[in-house]
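*Asks:* Before I ask anything, let me first share the structure, which is written out below as structure tokens.
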Amino acid sequence: MTSPTPAARPIRVLIADDHVTVREGLAAIIGRQDDMVVVGEASNGEEAVAMWAQYLPDVTLMDLRMPVLDGASALERIRARSAAARVLVLTTFDTDNDISRAIKAGARGYLLKDAPRDELLSYVRRIHRGETCIPAAVVAKLAAGMSTEALTPREHTVLGLLAAGKSNKQIANSLEIGETTVKSHLRGIFAKLNVLSRTEAIVVATRRGLLAK
């Protein structure tokens, strides 16, 4: 187990899955970590949205196929409340449509349920730090068939700042340009990469080698 730094607040995790055995298993794994704590367990998408609003977790583990409201729709509702929400999709499905929907909805990570325990815990910690975590095989599926139109030098610069977690205002300040100009550059980047969200842009750009490692 990884111990938190002195006085560090544990990562507060919300689990959303319609299978009680999965929820209990995840809760047990997370509960054994010194730097994590489970704040809630939801059995469907509507419960997930309500619990997210109640507890404001640091990271949410979200299944895709759930009753009442599916995971992607729940994710969309959560992101509508806060664009800063950090959600890790944890599912048994990896079809192109499932992947695309989850990433477009704003998932910060995508992991299959049969992934090793250490990988899951690593993803939770990395997403909590603000990183985007998508396995290479999932990225390959998402990036397949994307546009190949080249980015301009300025779009490359904006993309790099975006990948570094900078907000539109921070990008504008760094480049000494207006936020309206930043938004214009982002629209160009999204169109050329054929994506709809900041996270998806980072995923596709990483797959194409557009971001320095």
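The values are calculated or read from the model by the stated rules, or taken from the named source; none is laboratory data. Computed from a predicted structure; not experimentally measured. FYI the Cβ positions are ideal-geometry reconstructions off the backbone, even for glycines, and counts take in every protein chain you see.
*Asks:* Does the range 82-98 contain any residue that is under 18 Å from G25 (Cβ atoms), aliphatic (A, V, I, L, M) and over 8 Å from the mean Cα position of the chain (by Cα)?
*Replies:* So far as the range 82-98 goes, yes, one or more of its residues are under 18 Å from G25 (Cβ atoms), aliphatic (A, V, I, L, M) and over 8 Å from the mean Cα position of the chain (by Cα).
*Asks:* Spot the failing condition for Y123; the list is (1) farther than 24 Å from V37 by Cβ; (2) buried (at least 23 other Cβ atoms within 10 Å of the Cβ); (3) at pLDDT 85 or above, and only one is missed.
*Replies:* Answer for Y123: the failing condition is (1).
*Asks:* Is it true that some residue in the range 68-77 is within 25 Å of L162 (Cβ to Cβ), surrounded by fewer than 21 Cβ atoms within 10 Å (Cβ to Cβ) and not assigned by TED's automatic domain parsing to the domain that holds V195?
*Replies:* yes
*Asks:* Test I103 against the criterion of being in the same structural domain as R126 (by TED's automatic domain parsing), among the hydrophobic types (A, V, I, L, M, F, W, C) and either part of a loop (DSSP other than H, G, I, E, B) or under 20 Å from E131 (Cα atoms) (or both), and give yes or no. Write out each step before concluding.
*Replies:* Numbers: in the same structural domain as R126 (by TED's automatic domain parsing): yes; among the hydrophobic types (A, V, I, L, M, F, W, C): yes; either part of a loop (DSSP other than H, G, I, E, B) or under 20 Å from E131 (Cα atoms) (or both): yes.
Considered against the rule, which asks whether it is in the same structural domain as R126 (by TED's automatic domain parsing), among the hydrophobic types (A, V, I, L, M, F, W, C) and either part of a loop (DSSP other than H, G, I, E, B) or under 20 Å from E131 (Cα atoms) (or both), I103 comes out as yes.
*Asks:* Being under 19 Å from G106 (Cα atoms), modelled with pLDDT of 85 or more and in a loop (DSSP other than H, G, I, E, B) narrows it down to one of G130, G160, so name that one. Show your work before the answer.
*Replies:* Numbers: G160 fails: in a loop (DSSP other than H, G, I, E, B).
Within the list G130, G160, the selection yields G130.
*Asks:* Within the bounds of the range 165-187, is there any residue that is hydrophobic (A, V, I, L, M, F, W, C), surrounded by fewer than 15 Cβ atoms within 10 Å (Cβ to Cβ) and closer than 20 Å to I103 by Cβ? Don't jump to the end; show me each part of the working.
*Replies:* The first filter runs over the range 165-187 and keeps only residues hydrophobic (A, V, I, L, M, F, W, C), leaving 171-172, 175, 177, 182, 186.
Imposing the further condition that a residue be surrounded by fewer than 15 Cβ atoms within 10 Å (Cβ to Cβ) reduces the set to none.
The answer is no, given that none of the residues of the range 165-187 is hydrophobic (A, V, I, L, M, F, W, C), surrounded by fewer than 15 Cβ atoms within 10 Å (Cβ to Cβ) and closer than 20 Å to I103 by Cβ.
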